[in-house]
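One structure is given below, encoded as structure tokens.
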Amino acid sequence: MFKALRSRNFKLFFYGQSVSVIGTWLQKTAVSWMVYSITGSVFLLGLATFLSMIPSLFLAPLAGSIIGRYNRHRSMIVLQSLAMLQAGILALLIYLKMYNITFILILSLIQGIINAFDMTCRQTMMIDIVDTKEDLPNAVALNSTLTNFARIAGPALAGIILQQYGDDICFIGNFLSYIPVLISLALMKIKPYNKATDKLKMLDDFIEGLDYIKKESQMAKMLLMLTCSSLFVISFNTLMPVFAKDIFNGNAQTFSWFESAAGIGSILSAIYLANLKSGSNIDNIMIGASILLGTSILVLALSSSFILTLICMVLSGIGMMGQTSSINIYIQTKSTAHMRSRSISYYMMVYQGMIPVGSLIIGYISHSLGVRTTVAIQGVISIVSVIIYLYYKNQKNTKELETCPVRYKI
């Protein structure tokens with residue numbers, strides 16, 4: 001399971017991130033709870049998520065083109081430093097009790113702009129910090145395991161801190177968590193970078209990337225599947241503070257339990273992917289995970305039991321991580337070297353970029369239809385999308401069989 005840690009650079013990256021991602025979830029949980037507690041608005045709750053992620057929709061293709069031309073290691077150091085600065089400003093505002101929702105939303109947008117480049121750079125740099133390509137799927141899965149372990153520990157810790165010590169400690173903790181990351185990046189020794197000789201041509205790069213995705217039909221179908229999920233399904237998480245506070249009459253601790261339950265499911269799924277001997281069978285894993293995600297969300301919408309809701313959150317975490325990580329592994333391992341950064345940028349665009357659009361739409365629809373009805377519709381969409389995916393997949397397989405030359409004469 002831990003074979004990618006044989007690579008010194010990945011080991012440094014892994015240990016540095018282990019602290020930082022917990023800090024990220026401290027801040028994310030605190031922001032969600034604080035925005036809803038201050039405003040009582042589901043729309044503003046969705047808007048905060050929207051602003052922190054929407055830049056990826058527009059900037060990810062640009063990030064893919066730029067990062068493919070420059071030193072990814074140095075770029076990562078600059079981006080992490082900017083993220084630390086943003087976290088420091090937000091921590092200072094909260095420490096001074098300046099609960100201005102406009103400032104919080106602006107800083108969320110700035111964070112989203114930084115993340116658009118940071119996430120693309122982080123994923124693209126995987127190939128640089130793993131010694132052998134065979135360990136790349138394991139490295140991607142281990143990184144997902146780490147992220148989702150933080151999804152368990154971060155919200156749980158945030159719930160305790162919010163109840164006992166106040167929200168400013170969460171934001172200060174996130175600011176300090178960037179220090180180990182910067183130290184680990186500084187200690188890395190990465191082979192010299194071959195600077196690209198061609199000039200940056202955004203439109204040409206974008207068209208070339210689209211042509212490449214079209215030719216890789218399996219990759220295109222997976223990205224379309226992820227687009228649907230990001231836009232209409234994964235955004236159900238945006239409504240979990242409403243489940244915690246209004247449906248189950250809970251508090252910040254209740255919300256953190258829901259987040260942690262989803263994190264447990266995600267880490268179980270990531271551990272399974274990390275133990276795969278190769279990147280084979282990824283398509284079937286993605287299909288199974290998508291069905292599980294839709295079914296668990298549908299039951300969640302109908303549940304009146306707190307225990308059943310926690311179980312549904314665990315299962316949704318398994319499904320969500322299985323779907324997104326399997327697609328990520330496929331793109332990382334199947335993309336050609338000169339197109340990897342752009343392929344990953346499209347992954348980030350449809351994943352990170354579409355989720356905020358979905359969060360905004362779901363936040364708005366829930367006002368009219370109610371939270372439970374909205375979440376139920378999301379579960380149905382997830383299941384229907386799998387049926388459509390399987391239909392086109394079987395249709396392609398049938399065409400291939402029809403055009404295959406006859407090998408045996410009876």
**Complete:** In segment 60-92, anything under 24 Å from LEU44 (Cβ atoms), among the hydrophobic types (A, V, I, L, M, F, W, C) and in contact (Cβ under 8 Å) with a residue 12 or more places away in the chain is listed as ALA83, ALA87, ILE89, LEU90, ALA91
**Item:** Enumeration of residues in segment 147-163 that are at pLDDT below 80 and of a type outside the set (Val, Ile, Thr)
**Value:** ASN148, PHE149, ALA150, ARG151, ALA153, GLY154, PRO155, ALA156, GLY159, GLN163
**Complete:** Over segment 1-10, the set of residues open to solvent by 40 Å² or more (accessible area, probe 1.4 Å) and either within 30 Å of SER368 (Cβ to Cβ) or not in a helix (DSSP H, G or I) (or both) is MET1, PHE2
**Residue, modelled with the lowest pLDDT, within segment 1-60, restricted to residues that are farther than 19 Å from GLY263 by Cα and β-branched (Val, Ile, Thr)** = VAL42
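Okay, residues lined up against (1) modelled with pLDDT of 85 or more; (2) more than 16 Å from GLY319 (Cβ to Cβ):
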position: SER230; (1), (2): yes, no
position: PHE236; (1), (2): yes, no
position: ASP246; (1), (2): no, yes
position: ALA252; (1), (2): no, yes
position: PHE255; (1), (2): no, yes
position: ILE267; (1), (2): no, no
**Prompt:** Residues in segment 132-143 that are open to solvent by 30 Å² or more (accessible area, probe 1.4 Å) and part of a helix (DSSP H, G or I): how many?
**Reply:** 2
**Message:** Condition first: open to solvent by 40 Å² or more (accessible area, probe 1.4 Å) and either acidic (Asp, Glu) or over 17 Å from the mean Cα position of the chain (by Cα) (or both). Now tell me which residues in segment 254-275 satisfy that.
**Reply:** TRP257, TYR272, ASN275
**Asked** If only one of LEU162, LEU146, LEU176 is out of contact with any strand residue (DSSP E or B) (no Cβ under 7 Å at 6 or more places or on another chain), of a type in the set (A, V, I, L, M, F, W, C), within 30 Å of THR254 (Cβ to Cβ) and open to solvent by 50 Å² or more (accessible area, probe 1.4 Å), which one is it?
**Response** LEU176
**Request:** Would you mention how many residues in segment 183-211 are crowded, with 16+ Cβ neighbours inside 10 Å and modelled with pLDDT of 85 or more?
**Result:** 3
**Request:** Would you check which residues across segment 270-292 are touching a residue at least 60 places away in the same chain (Cβ under 8 Å) and within 17 Å of ASN328 (Cα to Cα) and list them?
**Result:** ALA270, ILE271, LEU273, ALA274, ASN275, LEU276, SER278, GLY279, ASP283, MET286, ILE287, SER290
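The values are calculated or read from the model by the stated rules, or taken from the named source; none is laboratory data. Keep in mind the model is a prediction, meaning the values are calculated, not measured. Ideal geometry is used to build each Cβ from the backbone, glycine not excepted, and the neighbour counts take in all protein chains shown. Just so you know, the surface numbers come from the protein's heavy atoms only, side chains and all, with ligands and any DNA or RNA stripped out. Shrake-Rupley method; radii C 1.70, N 1.55, O 1.52, S 1.80 Å.
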